[in-house]
Structures are given as structure tokens and as C-alpha cells.
Amino acid sequence: MDHAHHEETFLTKYIFSQDHKMIARQFLFTGIFWSIVGALMSVLMRIQLGWPTETFPFLETLLGKWAEGGRISSEFYYSLVTMHGTILVFFVLTAGLSGTFANLLIPYQIGARDMASPFMNMLSYWFFFLAGLIMLTSLFVQTGAASGGWTMYPPINGMRNTAVNLGSGLGTDLWITSMTFFIVSSLLGGLNYIATIINLRTKGMTMWRMPLPVWALLFTAILGVLAFPPLLSAALLLESDRLFDTSFFLSDIVLGGKLQDYKGGSPILFQHLFWFLGHPEVYIIILPAFGIVSEVLSVNSRKPVFGYRAMVYALGAIVLLGFLVWAHHMYVTGMNPFVGSIFVLFTLLIAVPSAVKVFNWLTTIWKGNLRLTPAMMFSLGFVSLFISGGLTGLFLGNSALDIPLHDTYFVVAHFHIVMGVAAFFAMFAGVYHWFPKMFNRHINDTLGYVHFYMTIISAYAIFLPMHFMLSVPRRYYMYSNFQTFNLFDDLSKFISVFAIISFAAQILFVVNIVYSALKGREVTEETKNPWNSNTLEWTTPVEQIHGNWPGDLPEVHRWPYDYSTGFDDKDWIPQTTPLREGEESHG
Amino acid sequence: MSELTYTNKPKEFKIHPKMFVLYLSMASMVMLFSAFSSALIVKRGDTKHWINVHIPIEFLLSTIVIIFSSLTIYLAYKNIGTKKFRVFSLITIVLACLFVFLQVKGWNALSANGTPYVGNPSGTFVYFISGIHGVHYVFGIFFLILLDRLYSGREKVLEYSVYYNILQQFWHFIGLIWVYLYLFFKFIIYN
């Protein structure tokens, strides 16, 4: 395959590009677009929850019939809940995070000219784009977007019945179609990432010399390749129920006093198929975050990453256990308590490799020469959030506690902190760290610090109080009719105010990216490795070319974490530097 | 960065990267059919609503056809660059079309025996799973015809034989999936 640098047209360079660097930028900007849409939805939800009885005329101007009189309608609220979850989980934290950093880092960090199949890589992005376009269209159909929850549980989502549920019409069909394209995109991407890492490593880049982001992205791809097909099977069976009136997931349903024709199906079966992906999906989101944070912490502590092999084994253990815990989302479905206890055991076992990682991050920064760059701040924030959110996972993993806590704000707080905000923090860390590589300009650090402090304060202000709302059911449109929950009215307002502040902080981040990409300080030959990092991506020339390195590929002689080894007068030794006499190789 | 060292040694592959991608995608396909199989096993356990289905003879015939097509595609691959390639390639295409024809006949027979697509999912699963397998198979037929047209009468076809090798391995795999599905339906689920 010829990846030599060549003249390209606007179309082949910016639109249908097969260059991994451009595709990474495409994933990033599409991910940012979806982040804004998804976050705006959460702001709308919080306006409704914070001030449920008040009217806001601008909402009617913005949303038309979905907010008549300046109040969001209940139908639209449920669409917001559904679409917010879908967009954030799949389009932002899966495609936006993995798509951006797998494309940017895999070829760069293993010393390859591009992906194993640049064409497949391009297809992966365009299937994602198409999935997004279909999902976006669903927001504008007459009966509204899907509103039965991002998990698409039947029976409510298994029937096209807009009289019962407005969003169950065309909106849900478009949701399922969009997700089918999304799964194709993820599979094409994942297959390509694995093939590239296994086959295209440069000379000397043994597996044990790979940077941790590459390891993390490899395990993520393996998870995706194995876990997405069951979701596809669930989506196809569900769509068959909806379009052809089959009964895979439907049985004995009474609508308007009339028994429907569905017989013999099982909605619980859908939950099994869904969560067989759904739970590994959590790790598809968080593993790339692990990799990014490990790299940023080591580079900015000027210390070798602590327990490199343990980090890799922990990733592997998480992948393996991640496939064995799906039913912990289903404790309340009436499963046999003995079966539940097996899932409790495996779920709690995941705490072991997770704790290994946290321990290793802390020991990596311990007594390090810390450089508190914006990327480092976000990485430290990630560790803090991962611990906070992970601890509540111990409660929810235990069926005896999960049953009373199920579908309450305690759950909302747990997963938003541990896989939502934490993954966002890793994504921010990655963008700040590799911004000079992506755009050949430096990002504005001052705005980065403001972004960090605003985001971490609001994130904790939003989600910590939710832990105390452990008796409040989630997904309700309003609580005014329930005397018991009036206690939380002020707290709800407090959370909503910080949700708006958090959204403002993200706008600042987007402004910083756009401004810095266009007007930021330019990267020069002297500043092209601004963090004095050892990995290969920083050895490419300032002028980016398709093929990454002009002439021959760099040869690797050592692992990527030789910081402050004492073997040199500087505190970093690039992977391309041959071992000194008496120096031992780590990999 | 004067210490940078570079290599110009060309990469040697034990497995062609595109073949490797195929092997990985086989893992995905295995997961897809495993999901369908496990769903059917769960359904089979629901004795209250279970209705047994008679698997028609056409599915046995299509199983025999698909096994033969695996043999002919292998012979076509082994004879790339010779006149025999075209013969075996065309036989494979004919057998592939025959397989699709028999599957459709099998669905008609199922329906005629009182197992419609819409109704109790016990029977619907047979249509659905064999249909999803059929989609994979039609995808294979498309490439079978494409590569047959590309290779016939061309010189230097050996250079491109890797693509035919990928296709034949995919063909064997998808054939194996059908053999598994047939045995699974006939002897485990609907016995």
C-alpha cells in the first residue's frame, strides 16, 4: 500500500480523506458537535427539573410546539432523556473519544504510515457521520424523536404506537437505523485498529514497548468487535417486531383494554442482548480514557509509569470480566437470586484491576516533578472522579443494595461521574496534550485552566448532591405532585444552576479550540515536542504529511517511559534512542 | 534529536493485513450468530409458549450444496491463472445461486407447514437467523461474481490471488456457519 505524500484535492484532503490524522480531526469535530447538542439537551432537562412550574418564553421560540407556553412538554422531555443518553454514550464518548484518539495515536505511536486499511478507516468515519445525520433527522420528525430511553427496552419501544408513546413512531425507527450504521462504523474502525496494531508496528516496537494509549485502544477495539454484534442482533430483532409485528420481545400486551396479537416473546431477552454490549460499552468508553491519562500523568510527572505490565494486565482483566457482568443491570427483573449473586461476584471482582490502575496512577505521580499543564490538571481530575464514581459502584454492584437504589438519582450520580464526566476529563486531557500535534499550534493554557476549574467545580456540584437523592426516582418529568420530594426542590435548582455553568465552560473550551487552531502560537521545529515526551508521534516533522515520516520509519530501542532515569543529562529519553552501555531494556 | 535512528527494512507479514481483518471480522460474525443462538436457546426454555417446528428437507439439500461450493471455490483458488479457474469459479457461482434458491424454497415450505414469519417467535427465529445468514451469503456471491469477472482471462492474476484467498476463506466460514445453524436447528432446538 502506498502512503507516500502526494498532492491532494480539497475533497480528498478534507472530506473523503484516508489520512488517519485528518480522520482523527473529523471524529473530533463531529464529536464536539454532538457534545454541544447532547449537553444542550441536559441543560433543557435541568431547566425543567429546576423550575418545573415556571415558564420561559425563549423555550417556545427555540422549540416551538414542544415547549408551548414556555414549558417543555412531557413528551419532549422524554425524548431529551433518550437522545441525551444515546448521543453522549455512543456519538461522543465512543466515537468522539475512541475515533479521535485511535486515529491520531495508533499509527503515530507504533510508527506506522497509516492504518492497515485507510479506506476502511474513511468508511468508518462516514458511517458514523451517516448515523449522526439520521439521528439528527429524527429530532425533526412530526411525532418527535425516540422517547423510550436510550436502552430501547421493549415492550414500549417494540411497538409503533404513537397514541401511547409519541416517540415510538418514526423517531424510534430512525434511532434503530442510526444505531445500525453506528455499529457498522464501530466494527470497521475496531477491526482496522486491531489489524494495524498487530501488523504495522515499526522495527523494535515490540508489544511491551507500546505506549499505554495504544494498549488501551487495542483492548477497546477487541471489546467493540466482540460486544457490538449482540447489540446489532437485538436491534434487528426489535425492528422486526416493530415493522413486521413479530413477537421476539413482545407477549400478552393489553392496549386500551384490548389484548394484542403478540404471543410468546420476552422483553427480558432484549435486556440480556442489550446489556451484553451495554456493559462492555462502559469499558469501551473508559479504556481509552485510562490510556490517555496514564500517558499524560507519566509525561507530566517526569516519571516512568508505575507498574507498566500490571497496567496492561489490568486492562486485559477488565476486558475479560467486562463480558461477565452484564446482568448486574438487571437485578430487578426477577432473576434467580443465586444467578444474581454470581453477577455480584464478577462485578465486585472488577474492582481489583480498577484498583490496580488507580494505585499505579497515584504511585506514578508520587514524588514526581509535577508539571500542572491543563492536560495534567484534567488527568488528575480524572483520577479523582474515577475514585469518587468507582466507590459508589461497589454499592450498585451488590444486588442487595442495587434493588432499593435502582432507578434513583444515586445511579444517575454514579454513572455520570465514573463514565461520563471522568471520560470527558480524559478526552479534554487528550485534546490539550496532543493539540500541538493535531493542529500545529499551541492551545491557550489560561483558557484551559479556567475551563478545568469551572468544569470540575460544576461537575462535583451537580453530581455529589445527587447521592443524597437516593430515594428520588430518576427520569420523572416533574416531582411537584409528590409531597415527599419537595424536600429536594432547592437542591434541584442548585444542580440546575451548575449544569448551566458547566455548559458555559464547555463553550469556552470550544472557543479555545477554534481560536487556538486558527490563531494560536505556531509549532516550530524547536517546540514540536512541547512536553519533552518519549513517544514516536513527537518525532514527525512539523509539516504533516500523509505517511507521517519522510523517508524511513523511526526504529524503536526502548519502552516509552524512560523519564528521569539518570542515564542522561536530560530527564527524558525518546524511544528512538539506542540503549546506553549498562542500560537495561524494559520491553 | 541527532540520536534518532530509522529503518528502511520492509515489513514482513505472517498473515496479510487484509486477511487478518477477515479473521477479526469472523470473530464479530461468530458473536452475532452466538447472540441469535443464545436468544433461541432462551426461547426454547420457555415451555409455556414453545411450538416445535419441522425443519424442511430443502435446508438439508442447501447444506449439501454449500459444502460442495466450498470444495469448488477451493479448487478455483488453487487453479488461479489456469483455464480451470473459470470452470470452478462458474460452478461455485451456480451452486451459490442454488443455495439461495433452496433457502427460499425452505422458507416457503416452513410457511406451508403452518409456521408463518409473523406469529410465535419459536418459528420466526428460523426465518430470521437463516435470513441474516443469507445476507452474508449474498454479499459473498457479489464478490464471487466480481472476482470471477476480474480474473478471467487476465494476466498476472497470481499477484491478486490474495483477494480470492480472502474470499474463499470467507466462503468456507459462512458455509461452516450454515452447517452449524442447520445442525443447531435440526438436532438441538427443534428435535
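Computed from the coordinates by the stated procedures, all read-outs in this text should not be read as laboratory data. Everything quoted here is computed from the prediction, not taken from an experiment. Heads up, the Cβs are rebuilt from the backbone with ideal geometry, glycines too, and the neighbour counts pull from every protein chain shown.
Quick look at the values:
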item: Debye, to nearest 20: dipole size of chain A, +1 on Lys, Arg Cβ, -1 on Asp, Glu Cβ; result: 480
item: Folded to 0 to 90 degrees: helix A:422-439 orientation relative to chain A principal axis, Cα; result: 40
item: Relative exposure of A:331, A:283, B:190, judged by other C-beta atoms within 10 Å (fewest first); result: B:190, A:331, A:283
item: Folded to 0 to 90 degrees: helix A:351-365 orientation relative to chain A principal axis, Cα; result: 40
item: The stretch A:9-85: GluC sites (Glu not before Pro) falling in loop per DSSP and having at most 16 other Cβ within 10 Å; result: A:54
item: Long-range amide H partners of residue A:408 with built H, under 5 Å; result: A:474
item: Dipole of the stretch B:53-189, positive end: most advanced residue of B:131, B:75, B:100 [Cβ charges, Cα centre]; result: B:75
item: Set A:357/B:18; A:437/A:493; A:519/B:18; B:14/B:186; B:14/B:84 screened for pairs whose C-alpha atoms are more than 32 Å apart; result: A:357/B:18; A:437/A:493; A:519/B:18; B:14/B:186
item: Charge dipole magnitude, Cβ of K and R +1, D and E -1 - chain B, Cα centre, debye nearest 20; result: 280
item: Positive dipole terminus of the protein assembly as shown, leading residue within A:395, A:376, A:341 (C-beta point charges); result: A:341
item: Degrees separating the helix B:17-44 axis from the principal Cα axis of chain B, which is the longest one; result: 10
item: Ranking of A:261, A:19 by count of other Cβ atoms within 10 Å, fewest first; result: A:261, A:19
item: Calculated from backbone phi, Karplus (6.51, -1.76, 1.60) coupling profile of the stretch A:177-184 in Hz, x at Gly/Pro; result: 4, 4, 5, 5, 5, 5, 5, 4
item: B:65, A:254, B:138, A:411 arranged by Cβ crowding within 10 Å, fewest neighbours leading; result: A:254, B:138, A:411, B:65
item: Amide H contacts of residue A:553 (H built 1.01 Å from N, under 5 Å, at least 5 apart or other chain); result: B:7
item: Estimated 222 nm signal from helices in chain A, with DSSP H stretches of n ≥ 4 weighted -39500 (n - 2.57), rounded to 500; result: -19500 deg cm²/dmol
item: For the stretch A:458-468, Karplus couplings with θ = phi - 60° (6.51, -1.76, 1.60), whole Hz, Gly/Pro x; result: 5, 4, 5, 5, 6, 9, 4, x, 4, 4, 7
item: Exercise: per-residue mean of other protein chain Cβ atoms within 10 Å, B:26-39; result: 6
item: Fully extended contour minus Cα-Cα distance, from residue A:14 to residue A:207, at 0.36 nm per residue; result: 66.2 nm
item: Under 5 Å, built H, 5+ apart or other chain: amide partners of residue A:441; result: A:523
